[in-house]
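In what follows, a structure is listed as structure tokens, so that the remarks can point back to it.
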């Protein structure tokens, strides 16, 4: 079935919806839904998303979407399509660019505007860091003794999208509705009845592939190819990892089985009254190994 609406997980799709001046009202709505309790954002100005270090030899950072609100607060918004090593380190590193660029030449009192990094993650943090129900994380610098926020001008928000599984009839807040759109847009053939807000009228109009210019349609297809290639690489790596784990698990299981059998044999022969020398001859095990097995039995 041909897609009707773009996939926001692609570079083109994400920047089409959130990274263009024409659609900045979509970005504003999403940020306001995300930062409940924050002062309402009424306007944003897009900033250059390509940042270089202090010299041409330093590493650079390229943000998917980079903007500031009326108060000069900076927002980095990233669609992270696949897990990568040192993702948290990368996220922290990126946040340093909008911090450092606030330093003017000459005298300065070091007063900073707030910086927000938003990561929309198409993966789950490894090692079961969070429960399966916990997918929205807001991270700040905190005093570990009394748990109060030590510095409130640096915020990291991460959303583990694979954990968001609400159905249309469960969408209660704008935050729910935005996540539902991000998760399901490319699979929809009609606009869901639950998404009747005017902002979603705009979104579905902008996301409909049939309305694209030939140039945009071509660029989107190229972006889809890249996304699919990346998805296939990730899926293949996961399958190989699982298969390797099964093979190693079977191997470890056989090794453990042999160790248990060896230990049981030594115990049985010793209980039958055989000397250590006789057990060495009967099992071909080293005397030191037999003594170690028997000593463990004594200690337990």
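The values are calculated or read from the model by the stated rules, or taken from the named source; none is laboratory data. Source: prediction; values computed, not measured. Glycine also receives a Cβ, built like all others from the backbone with ideal geometry; neighbour counts cover every protein chain displayed.
Quick notes on this one:
- Selection within segment 25-43 - without any contact (Cβ under 8 Å) to a residue 40 or more places away in the chain and crowded, with 16+ Cβ neighbours inside 10 Å: 28, 41
- Only residues that are outside any helix (DSSP H, G or I), out of contact with any strand residue (DSSP E or B) (no Cβ under 6 Å at 6 or more places or on another chain) and closer than 21 Å to residue 78 by Cβ were counted across segment 156-193, and they come to 1.
- Residues that are surrounded by fewer than 17 Cβ atoms within 10 Å (Cβ to Cβ) and free of Cβ contacts under 8 Å to residues at least 60 places away in the same chain, drawn from segment 1-21: 2, 20, 21
- Per the listing 88, 153, the residue uniquely surrounded by 12 or more Cβ atoms within 10 Å (Cβ to Cβ), closer than 27 Å to residue 32 by Cβ and touching a strand residue (DSSP E or B) at 6+ places or on another chain (Cβ under 8 Å) is 153.
- Annotation: of all residues in segment 197-212 being free of Cβ contacts under 8 Å to residues at least 60 places away in the same chain and either closer than 15 Å to residue 185 by Cα or in contact with a strand residue (DSSP E or B) (Cβ under 7 Å, 6 or more places away or on another chain) (or both), the one that is surrounded by the most Cβ atoms within 10 Å (Cβ to Cβ) is 200.
- Any hit, segment 87-104, residues being within 22 Å of residue 149 (Cβ to Cβ), in a loop (DSSP other than H, G, I, E, B) and at pLDDT below 95: yes
- Filtered residues of segment 277-288 (kept if surrounded by 14 or more Cβ atoms within 10 Å (Cβ to Cβ) and at pLDDT 70 or above): 279, 285
- The requirement of being within 20 Å of residue 226 (Cβ to Cβ), out of contact with any helix residue (DSSP H, G or I) (no Cβ under 6 Å at 6 or more places or on another chain) and surrounded by fewer than 12 Cβ atoms within 10 Å (Cβ to Cβ) is fulfilled nowhere in segment 73-81; no residue meets it.
- Take the conditions (1) surrounded by 19 or more Cβ atoms within 10 Å (Cβ to Cβ); (2) more than 30 Å from residue 190 (Cα to Cα); residue 110 misses just one of them, which is (1).
- Lone qualifier among 124, 120 - being in a strand (DSSP E or B) and either in contact with a strand residue (DSSP E or B) (Cβ under 6 Å, 6 or more places away or on another chain) or surrounded by 13 or more Cβ atoms within 10 Å (Cβ to Cβ) (or both): 120
- Among (1) assigned to a loop (DSSP other than H, G, I, E, B); (2) modelled with pLDDT of 95 or more; (3) over 30 Å from residue 218 (Cα atoms), the one test that residue 33 misses: (1)
- For residue 126, the criteria (1) under 17 Å from the mean Cα position of the chain (by Cα); (2) farther than 29 Å from residue 228 by Cα; (3) in contact (Cβ under 8 Å) with a residue 40 or more places away in the chain hold in every case but one, which is (2).
- Residues of segment 131-145 satisfying the condition of being in contact with a strand residue (DSSP E or B) (Cβ under 7 Å, 6 or more places away or on another chain) and surrounded by fewer than 17 Cβ atoms within 10 Å (Cβ to Cβ): 136, 137, 138, 139, 140, 141, 142, 143
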